[in-house]
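Have a look at the structure below before the remarks.
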Amino acid sequence: MSLAFVALELLDIKAGFRPDQPRGCDGRWCGEGGSLTVVRKDRTGDPRVDAQTDDILDVLKDVVESTEPGEGVLYGIQIHTKLAARLRELDLPGIGRHGVEQSFVAGDIVRHGLSGSIRTDVLLRDGRTSAAPIRAIWDIKTGEKGLSPRRIRALRAGAGVDDSVPVIEIHLLRGISVKSRISVAVRTGVVVA
């Protein structure tokens with residue numbers, strides 16, 4: 001195979017080319033968002049947390065399917081913004097409208113985006129008030145990197161919880177991971193975008 005064809009094949013791979021993508025008569029990709037398929041799903045052991053993970057994943061699937069495929073910071077912002085709006089609209093039990101994109105400093109809720117604050121993507125409480133205990137924290141990842149042990153500690157410290165509260169990563173590329181009492185990823189599912 002010539003060097004030019006090899007280069008073209010590498011460019012196609014790098015650009016995320018998929019031969020099954022819908023194409024218009026001019027050969028260009030013609031819409032529809034990506035799709036997610038969960039190929040494995042383990043559980044945390046807490047039925048309420050697991051049910052909320054399923055609900056969040058369903059909403060995330062809808063968001064991804066209605067969003068033009070992409071990558072990078074702007075794609076991540078787009079997914080997070082649409083997911084947050086949809087979750088607030090649904091007002092899920094234990095999450096409500098305020099358990100989405102909430103900022104903390106040392107366990108206290110602060111203004112969204114306050115310098116030095118830690119922002120959670122989604123959190124589940126035992127009740128509807130901000131004084132209700134936190135049962136789980138979800139972090140949505142759309143890029144290459146996942147949750148580091150340092151970030152997991154920061155999320156817990158910011159929210160004012162100990163390591164008994166699971167931090168659940170939903171990663172569009174690598175799947176669902178539960179960070180439980182120890183800061184080691186335990187694979188609980190794989191999401192293929």
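The values are calculated or read from the model by the stated rules, or taken from the named source; none is laboratory data. Given the structure is predicted, the values throughout are model-derived calculations rather than measurements. Neighbour counts run over all protein chains shown; Cβ positions are idealised from the backbone, glycine included.
Taking each residue of region 148-176 that is at positive phi and looking for partners that are surrounded by 14 or more Cβ atoms within 10 Å (Cβ to Cβ) and in a loop (DSSP other than H, G, I, E, B) with beta-carbon atoms closer than 6 Å, six or more apart or interchain, yields nothing. Every test in (1) modelled with pLDDT of 90 or more; (2) under 22 Å from Gly70 (Cα atoms); (3) not hydroxyl-bearing (Ser, Thr, Tyr) is passed by Val167 save one, and that test is (2).
With the requirement that a residue be among the aliphatic types (A, V, I, L, M), part of a strand (DSSP E or B), free of Cβ contacts under 8 Å to residues at least 40 places away in the same chain and in contact with a helix residue (DSSP H, G or I) (Cβ under 8 Å, 6 or more places away or on another chain), what does region 75-119 give you? Within region 75-119, Val100 is the sole residue that qualifies.
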